[in-house]
Amino acid sequence: MRWFLFEDSSVEQLYPIALARPVFELICGREGLRRRVQRWFPSAEWGAVIRPWLADVYREEQPSAIVNQFDGIGSSSVLMINGRWIPDRRLTIADVTMENVGLVDGQIAWIALEPEEASLLDSLDFEQVLQGIARSRRVVEASGTMMNRPWDLITRNPRQLELDFADEGVSQHLSADQVKYLGDPSDIYVSEQTEIDPYVVIDARQGPVSIDRDVQIQSFSKIEGPCHVSRGARIFRGVVRGGTTIGAWCRVGGEIEQSVLHSYVNKYHEGFLGHSYICPWVNLGAMTTTSDLRCDYKNVEVPLQGDLIDSDTIKIGSFIGDHSKTAIDSMFNTGSSVGAMTVVVPGGRLLPRHIPSFCNVSFGNLAMDWPLDTAIQTVRAAMQRRDCELTAAGENLLRKLYELTAEERIAAVNLAAENKTVRPQG
């Protein structure tokens, strides 16, 4: 049986963090859904149904995947898995039958299709076809939850870190001079290919800690569980509090709490990052700080694509899209939404809570006067510093995102200009 991950019509609710990647590549716990399913079914052929403008880049990243192609798919049964699903446990072949459909809160988490049913997927309305087939099946409750908004990954992350650690079932830690381990040793995994300097504390009293290969941890750092530090990450004098995932090849310093740093994030210096999701290639300048709690302890509202959405929780920080950069002393208000390719230069004040993609902020003023070609040159230079390359497909994706986010960007800049010209009465 082949398996396919698919995006449905709700993916836009996960912008800005899902702008530049399929929703199933978003990280919650140790990893994203695609890597989980690959561990469940390691030898099966697999594919993805994603937004068309992501397809070329994703084919480069995952050359073994069948991307947005249905030719011949009807020759075998297919397991379709919703990319927004965050499972509590492994899905096994024993769970999947052609008579059932797995739902979470009334939404399809997974459904297995017979070859003749799979052949219908080439329809113009892919999602409607799946919904029609699902109505003929017996409903079973799938485990876990669905990502409906960006903060769902943050509130879920501590629990998912615990589940992922239990699923791996491996614990070990290095004997190192003047490195202190706290808590149950069975809740700690440290790769033998990790470098830990003296005077580091690994604290698993509140949850498990896992540290992958090629990680470097500098003296006077503390890591509290539940937490995962991915391959190649470096921690410089950091205080990493529970509920945090440090993605691959990130550089991290300062204080971080219950946040996800996807990969290639640079937060080298001091500054607090709390209850936030930071996308790849973001650079947070020294003392960049996020607020994640209102003074009145009310629910945080987040301006997603300009519309204020109640998060139904009191602790939410910032969501920052790919390739965005902040200068020193940038201060983000509670519940900020920052798009891709933004540049922030603070002026000693709280930043706008809504900064659309490809905008810049200079001393409190929102604008869109950073030329696209100049921005792309900066992206290319930043990636080369990490021995990575901006391919032609990657550049085309950035240009496409510029087009797709134009309406939001223009509306926000016009609104900011209108508000600036309003004078108080009296």
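The values are calculated or read from the model by the stated rules, or taken from the named source; none is laboratory data. Model, not experiment: these values are computed from the prediction. Cβ atoms come from the backbone with ideal geometry, glycine included; neighbour counts cover every protein chain shown. Quick note on the areas: whole protein, heavy atoms, side chains included, nothing else; ligands and nucleic acids left out. Shrake-Rupley method; radii C 1.70, N 1.55, O 1.52, S 1.80 Å.
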Filter region 127-155 down to residues that are farther than 21 Å from LEU91 by Cβ and either aromatic (Phe, Trp, Tyr) or not in a helix (DSSP H, G or I) (or both) and give me whichever is nearest to the chain's Cα centre (by Cα).
PRO150
For residues that are acidic (Asp, Glu) and open to solvent by 40 Å² or more (accessible area, probe 1.4 Å), tally how many sit in region 212-225.
2
Can you pull out the residues in region 369-393 that are touching a Lys or Arg at 6+ places or on another chain (Cβ under 9 Å) and either of a type outside the set (A, V, I, L, M, F, W, C) or exposed (fewer than 13 other Cβ atoms within 10 Å of the Cβ) (or both)?
THR378, GLU389
Cβ-Cβ under 7 Å pairs, at least 6 apart or on other chains, region 187-201 side modelled with pLDDT of 95 or more, far side open to solvent by 50 Å² or more (accessible area, probe 1.4 Å) and among the hydroxyl-bearing types (Ser, Thr, Tyr)
ASP187/SER171; ILE188/SER171; TYR189/SER171
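Matching residues to (1) under 18 Å from the mean Cα position of the chain (by Cα); (2) surrounded by fewer than 20 Cβ atoms within 10 Å (Cβ to Cβ); (3) farther than 27 Å from ASN333 by Cβ:
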residue	(1), (2), (3)
ILE196	no, no, yes
ARG205	no, yes, yes
SER210	no, no, yes
CYS227	yes, no, no
So is ARG386 of a type in the set (Lys, Arg), under 15 Å from VAL282 (Cβ atoms) and assigned to a loop (DSSP other than H, G, I, E, B) or not?
yes
What about ILE256, is it modelled with pLDDT of 95 or more and closer than 25 Å to GLU389 by Cα?
no
Which residue is nearest to LEU79 (Cα to Cα), if the candidates are limited to region 101-133 and must be open to solvent by less than 10 Å² (accessible area, probe 1.4 Å) and out of contact with any Leu (no Cβ under 7 Å at 6 or more places or on another chain)?
LEU113
Within region 143-178, which residues are closer than 21 Å to ALA109 by Cα and at pLDDT below 95?
SER143, ASP167
Does any residue of region 92-102 turn out to be touching a Lys or Arg at 6+ places or on another chain (Cβ under 7 Å) and of a type in the set (S, T, N, Q)?
yes
Number of the exception - VAL338 against (1) within 21 Å of THR244 (Cβ to Cβ); (2) in contact with a Leu (Cβ under 8 Å, 6 or more places away or on another chain); (3) not acidic (Asp, Glu):
(2)
Entirely in region 185-260, the strands (runs of 3 or more DSSP E) that have 3 or more residues that are of a type outside the set (S, T, N, Q) and within 24 Å of GLY169 (Cα to Cα)
188-190, 200-203, 222-224, 227-229, 244-248
Out of region 289-302, which residues are within 25 Å of ALA416 (Cα to Cα), open to solvent by 10 Å² or more (accessible area, probe 1.4 Å) and of a type outside the set (A, V, I, L, M, F, W, C)?
THR289, SER291, ASP292, ARG294, ASN299, GLU301
For the structure I just gave you, tell me whether ARG386 is within 22 Å of the chain's Cα centre (by Cα) and basic (Lys, Arg).
yes
May I ask you to list pairs of residues, at least six apart or on different chains, whose Cβ atoms are under 9 Å apart, with the first in region 157-170 being farther than 10 Å from ASP187 by Cα and in a helix (DSSP H, G or I) and the second being of a type in the set (Asp, Glu) and open to solvent by 30 Å² or more (accessible area, probe 1.4 Å)?
ARG159/ASP88; GLN160/ASP88; LEU163/ASP88
Within region 33-79, residues being open to solvent by less than 60 Å² (accessible area, probe 1.4 Å) and either among the small types (Gly, Ala, Ser) or under 22 Å from VAL101 (Cβ atoms) (or both) number 22
Can you give me the ranges of the strands (runs of 3 or more DSSP E) entirely in region 264-372 with at least 2 residues that are of a type in the set (Ser, Thr, Tyr)?
336-338
Hey, any hits in region 324-345 for a residue that's over 19 Å from LYS267 (Cβ atoms), open to solvent by 70 Å² or more (accessible area, probe 1.4 Å) and at pLDDT below 95?
no
Has region 9-17 got any residue that is open to solvent by 30 Å² or more (accessible area, probe 1.4 Å) and at pLDDT below 95?
yes
Scanning region 4-38 residue by residue, those hydrophobic (A, V, I, L, M, F, W, C), under 30 Å from SER336 (Cα atoms) and in a helix (DSSP H, G or I) turn out to be VAL11, LEU14, VAL23, PHE24, LEU33
